[in-house]
1. If I take every Cα pair under 8 Å that is 6 or more residues apart in the stretch 2-166, average their sequence separation and divide by the length, what percent do I get for the relative contact order?
2. Which residue, A54, A95, A117, tops the fluctuation ranking in a GNM of the chain built on C-alpha contacts under 10 Å?
3. Quickly estimate the mean residue ellipticity at 222 nm for the chain, helices only: each DSSP H run with n ≥ 4 gives -39500 (n - 2.57), and the total goes over all residues, rounded to 500.
4. Ignoring ligands, DNA and RNA, what percent of the accessible area of the stretch 2-166 is carbon or sulfur (1.4 Å)?
5. Over the stretch 1-80, what is the percentage of antiparallel beta bridges among all DSSP beta bridges, to the nearest 5?
6. Sort 21-27, 160-166 for me by packing, meaning the mean count of neighbouring Cβ atoms within 10 Å per residue, highest on top.
7. In the Gaussian network model of the chain, springs joining C-alpha atoms below 10 Å, which of A13, A157, A131 carries the largest mean-square fluctuation?
8. Taking Cα atoms, how many degrees apart are the long axis of helix 99-108 and the longest axis of the chain, rounded to 10 and kept between 0 and 90?
Amino acid sequence: MRVLVTVASRHGATREMGSEVAEQLRAAGHDVDEVEPDDVEHVDPYDAVVMGSAVYVGRLGLGLRDLVDRQAGQLRQRPSWLFWSGPVGDPPMPATVPDDVTDIARTTGVRDVAVFAGRLDRDGLNISERALVALTRADAGDFRDLDAVRAWAQGIARALRSLQREG
Ligand SMILES: Cc1cc2nc3c(=O)[nH]c(=O)nc-3n(C[C@H](O)[C@H](O)[C@H](O)COP(=O)(O)O)c2cc1C
């Protein structure tokens, strides 16, 4: 199947998770494109879509939100999945689900939503981001669990295999 993996990521940590998902789907025999949300004109060439975003001050990335606004109808017509990443620290905080996640899940009818802990590298932030992060008192560090990301992607591969058998 032809699969789109599209991830909103300012500092790369979430994009790398998207690449892990893409790798797992390629290993399962799918033809996978990784495209920035802003660069996706149409999703209709794809049989399935995996969306991802980090959270910034309680919101998913603007690029992903815009893509969903532009392509809501097309997204609803194909199987899609959503992951979000942001919570940092041990245990990962904050644990609340952003409203954008609920809205996008409802708009697109995603088959599953996953949350994965993120990575916060203070050196890579600009001044205003540092101020915002200081307010959230988030812990710096790489809290990502790429095994959990791969396991989730393998679940998507299994779901796609079932769809292929049905189709
Ligand atoms: C300016 C800023 C604001 C953030 N706000 C939140 C937040 O509200 N909730 C959250 O869970 N994580 C928040 N984070 C943590 C990021 O989502 C996390 O570091 C993520 O892994 C960054 O992904 P990226 O490297 O793909 O940009 C914030 C990070 C930054 C830099």
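The values are calculated or read from the model by the stated rules, or taken from the named source; none is laboratory data. Quick caveat: nothing in here was measured; it's all calculated off a predicted structure. Note that we place each Cβ from the backbone using ideal geometry, even for glycine, and neighbour counts take in every protein chain shown. When the accessible area is computed, the model is the full protein with side chains, heavy atoms only, and any ligands, DNA or RNA have been set aside. Shrake-Rupley method; radii C 1.70, N 1.55, O 1.52, S 1.80 Å.
1. That works out to 24 percent.
2. Looking only at A54, A95, A117, the biggest GNM fluctuation is shown by A95.
3. Taking each H run of at least 4 residues, the total per residue is -14000 deg cm²/dmol.
4. 47 percent
5. Restricted to the stretch 1-80, the bridges split so that about 15 percent are antiparallel.
6. Listed from highest to lowest mean packing, they are 21-27, 160-166.
7. Maximum fluctuation in the GNM of the chain, among the listed residues, is at A131.
8. 10 degrees
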